[in-house]
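**Q** My questions all concern the structure below.
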Amino acid sequence: MSSEEKSNGNDQSNECSSNYEDISYQVYPDRTGKVTSTNWAENYVKVRCQSKIGKAIESSPLVKLLMSALKSKGCEIDLNRHIVCENCSEDVTGGYDTSANQIVVCQNRVYTQQMTQAVIGHELIHMFDYCRAKMDFTNLEHIACSEIRAANLVHCSMVSSMFIGTTKPWNIASTHRECVKAKALASLMAVRKNFPITEAMAVVDKVFDRCYADLEPIGRRIRLNSNHIKWAYRERFHYDYDSMF
Ligand SMILES: [Zn+2]
């Protein structure tokens, strides 16, 4: 599973900026405004995607917690405005477009309710980081940090728990770290053409410990099928989040 944000071109004013070609326009073709499709099959796929988003917002404690956290930071989400369904290339399942402040769920790549929740959760972490810190999405260290956080708080927490049965209990922590590192690396490279893996690894390694330890706004690493996310949602008031649901 892969989810990436769309970056805003190549600002080279900062030494950490990406010098590699931004291929977001290939990865998210619908963003270019050049693709128009009105056939019924496409419409069906879009409506299916939208209904899964609606259900995620209604029923996923993770999604509700993140939306509540965003609201408390002054970045309230308007469903019709901020989360959209589009077609994407096969490299990604979702994205966060900072210029439009919009989350893209890849309607042609995301089929299940759980995947929809994971994609929205991942992208909401990026949106939260952008809202909280006004992070610079042309700065590779900022991007790597947000990818580490999204992998840590959403992707690897949901996925790694599925592997617990095959993982020695004393290995779970390091396996989770490895999952986060691998996922952040993949996300960092997905929308940058010919970005060397050694360079991507160096960026991820540099910021890893700090960003891995930053658990805001969830406050804990969650495990699927556990009560962790329910506890986190219940305890959201400790973080001063408004209740919106
Ligand atoms: Zn991402």
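The values are calculated or read from the model by the stated rules, or taken from the named source; none is laboratory data. Every value quoted in this text rests on a predicted model; they were computed, and no experiment measured them. With ideal geometry, Cβ positions are generated from the backbone for all residues, glycine too; neighbour counts draw on all protein chains shown.
**Q** Evaluate the stretch 71-78: report whether one residue or more is at pLDDT below 95 and part of a helix (DSSP H, G or I).
**A** Restricting attention to the stretch 71-78, the residues satisfying the condition of being at pLDDT below 95 are 71-78.
Imposing the further condition that a residue be part of a helix (DSSP H, G or I) reduces the set to 71-72.
There is at least one residue in the stretch 71-78 that is at pLDDT below 95 and part of a helix (DSSP H, G or I).
**Q** Looking at the stretch 129-157 only, could you name the residues that are under 12 Å from the mean Cα position of the chain (by Cα) and away from the ligand (no atom under 12 Å from the Cβ)?
**A** Result: CYS156, single match.
**Q** Take the residues in the stretch 102-116 that are within 15 Å of the ligand (Cβ to nearest atom) and out of contact with any Phe, Trp or Tyr (no Cβ under 7 Å at 6 or more places or on another chain); name whichever of them is nearest to ASN80 (Cα to Cα).
**A** Here is the first cut: in the stretch 102-116, the ones within 15 Å of the ligand (Cβ to nearest atom) are 102-106, 109-110, 115.
With the extra rule that they be out of contact with any Phe, Trp or Tyr (no Cβ under 7 Å at 6 or more places or on another chain), the set shrinks to 102, 105-106, 109-110, 115.
Values: GLN102: 10, VAL105: 13, CYS106: 16, ARG109: 20, VAL110: 19, MET115: 20 Å.
Ranking the qualifying residues of the stretch 102-116, first place goes to GLN102.
**Q** Among residues belonging to the stretch 106-148 that are part of a loop (DSSP other than H, G, I, E, B) and surrounded by 24 or more Cβ atoms within 10 Å (Cβ to Cβ), point out the one that is modelled with the highest pLDDT.
**A** My answer is GLN107.
**Q** Condition test on VAL92, is it within 16 Å of the ligand (Cβ to nearest atom), touching a residue at least 24 places away in the same chain (Cβ under 8 Å) and over 15 Å from TYR25 (Cα atoms)?
**A** No, not satisfied.
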